[in-house]
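Undergrad: A single structure is presented below for examination.
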Amino acid sequence: MCYTLLVSDGADTRRGDPAVNEYGSDIRAERSRRRLTQEQVVRRRGIFRPTLVDIEQGRIEISEAEYKRFLDAIDQDETAT
């Protein structure tokens, strides 16, 4: 699995701040609220579905910048997918 897609600043964020660990559940909640599938989100972000699953389940932590990129992807217009 390639973590470099997720960590733009080169820092290892797979462990550490408990608040960062909540990003995955926030992404899942926002995706569900918008009624998007995991497949729609991974196409928008250009990542693999197992990576998104790991992020949403808190097995991979992501940076704040990456979290914002996920929210931007979720906010994209449906015609952009």
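The values are calculated or read from the model by the stated rules, or taken from the named source; none is laboratory data. Computed from a predicted model, the values in this text were never measured in an experiment. Methodologically, a virtual Cβ is constructed for each residue, glycine included, from the backbone with ideal geometry; neighbour enumeration extends over all protein chains shown.
Undergrad: Considering only residues that are farther than 16 Å from Glu22 by Cβ and outside any helix (DSSP H, G or I), which ones fall in region 58-81?
TA: Gln76, Asp77, Thr81
Undergrad: Can you tell which of Val7, Val20 is crowded, with 17+ Cβ neighbours inside 10 Å, in a loop (DSSP other than H, G, I, E, B) and either in contact with a strand residue (DSSP E or B) (Cβ under 9 Å, 6 or more places away or on another chain) or modelled with pLDDT under 95 (or both)?
TA: Testing whether each residue is crowded, with 17+ Cβ neighbours inside 10 Å, in a loop (DSSP other than H, G, I, E, B) and either in contact with a strand residue (DSSP E or B) (Cβ under 9 Å, 6 or more places away or on another chain) or modelled with pLDDT under 95 (or both) leaves just Val7.
Undergrad: Going by the structure shown, is Val53 touching a residue at least 12 places away in the same chain (Cβ under 8 Å) and β-branched (Val, Ile, Thr)?
TA: Details: touching a residue at least 12 places away in the same chain (Cβ under 8 Å): yes; β-branched (Val, Ile, Thr): yes.
The answer is yes for Val53.
Undergrad: Are any residues in region 26-48 polar (S, T, N, Q), touching a helix residue (DSSP H, G or I) at 6+ places or on another chain (Cβ under 9 Å) and either in a helix (DSSP H, G or I) or in contact (Cβ under 8 Å) with a residue 40 or more places away in the chain (or both), and if so, which ones?
TA: Answer for region 26-48, where residues must be polar (S, T, N, Q), touching a helix residue (DSSP H, G or I) at 6+ places or on another chain (Cβ under 9 Å) and either in a helix (DSSP H, G or I) or in contact (Cβ under 8 Å) with a residue 40 or more places away in the chain (or both): Gln38, Gln40.
Undergrad: Every residue in region 31-61 that is modelled with pLDDT under 95 and touching a Phe, Trp or Tyr at 6+ places or on another chain (Cβ under 9 Å), please.
TA: Gly58, Ile60, Glu61
Undergrad: Is it the case, given these coordinates, that Ile55 is crowded, with 16+ Cβ neighbours inside 10 Å and in a loop (DSSP other than H, G, I, E, B)?
TA: Considered against the rule, which asks whether it is crowded, with 16+ Cβ neighbours inside 10 Å and in a loop (DSSP other than H, G, I, E, B), Ile55 comes out as no.
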